[in-house]
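What follows draws every value from the coordinates through simple rules; no lab data is involved. This one's a predicted model, so the numbers in the text were calculated from it and none came from an experiment. Note that we place each Cβ from the backbone using ideal geometry, even for glycine, and neighbour counts take in every protein chain shown.
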């Protein structure tokens with residue numbers, strides 16, 4: 001297994017995310033766009049994730065060359081994103097971002113299946129690979145914060161191109177892979193999705209990510225308006241991901257003792273608390289640090305538990321489509337709704353109410369999971 005090559009891909013993929021999420025909204029703001037336009041453009045980055053993994057997964061399955069799809073999509077993501085250097089009008093950027101995200105979102109579900117298949121018998125091993133993605137995110141936000149303070153938001157654009165080139169180069173080093181199919185799991189894919197516990201899980205994940213919309217779209221702008229420098233803001237983003245890494249390191253011990261349902265429920269409650277703290281105490285650095293520490297639960301434990309749950313629900317040839325439907329429902333549909341509503345809410349109701357709504361989404365996710373997701377599913381060991 002090419003551990004370091006796979007870790008390198010995760011590093012550059014999430015380093016790219018570490019440039020897009022905290023700083024691309026600042027670039028859009030520097031062009032004169034308001035909250036509604038910024039929310040709409042950022043929503044497009046998530047919207048394509050609703051369909052892109054399913055389309056690319058179908059192509060990969062039919063051609064039987066999954067890594068070839070990853071490499072092609074990575075190359076096309078670079079080419080399409082280069083369109084940001086051509087024009088800055090809203091509709092031009094909308095087309096560029098839609099194309100870029102359609103290609104960029106193709107690779108991660110395929111790599112997640114690859115990783116989960118290889119480490120499926122060792123839940124903690126996934127965390128050791130995935131933490132390199134977290135390190136990439138940290139490196140990106142810490143490096144770009146001072147650069148943008150001194151040179152301006154435009155520099156996020158060439159940084160993104162460079163990071164995606166690194167992602168492409170590592171994809172060239174990864175071998176082709178297949179999926180082991182077990183005949184005893186021949187249940188139709190749609191029937192799996194419609195099982196009450198599976199549907200409840202996907203609905204809860206959708207609500208959880210919808211609640212993250214305001215954070216991913218406006219957190220950097222929000223803190224900048226309260227007087228924080230981009231360097232400090234980048235450090236807060238990085239601290240959150242450091243806490244996330246702690247969760248990934250401890251995954252095996254956590255999942256050996258606590259059922260996945262309980263981990264998910266605790267993560268939903270932590271998210272509600274986090275959004276309330278950010279929305280109502282932006283001028284207290286201590287409170288913001290506490291809120292960022294909760295990222296360990298709102299992303300770290302949530303995503304790790306969700307990955308193990310998907311791995312348990314969808315097996316054999318359903319594995320990639322299971323990852324794709326999880327990504328489409330949560331980060332795609334949920335993320336797009338979260339970014340879109342937060343743009344309007346931010347402009348009409350203000351930041352505090354927008355984060356209140358985010359907390360309600362998290363509480364709704366808790367309610368759905370508590371009532372409908374009754375299983376005591378544990379990570380595969």
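Full extension of the chain between residue 82 and residue 353 yields a length gain of 93.9 nm, computed as 0.36 nm times the residue separation minus the alpha carbon distance.
Please state the relative contact order of the chain as a whole percent: Cα pairs under 8 Å, 6+ residues apart? Write out the running numbers ahead of the final one.
Numbers: 632 pairs, mean separation 117.0, N = 381.
Worked out over the chain, it gives 31 percent.
When each of 17, 260 is scored by the number of other beta-carbon atoms lying within 10 Å, the sequence from fewest to most is 17, 260. Which of rounded, prolate or oblate describes the chain when judged by the alpha-carbon gyration tensor and an a/c cut-off of 1.5? Here the chain falls in the oblate category. Each of 90, 366 was scored by other Cβ atoms within 10 Å of its Cβ. Arranged with the fewest first, they read 90, 366. Sorting 222, 320 by the number of Cβ atoms found within 10 Å of their own Cβ, with the fewest placed first, yields 222, 320.
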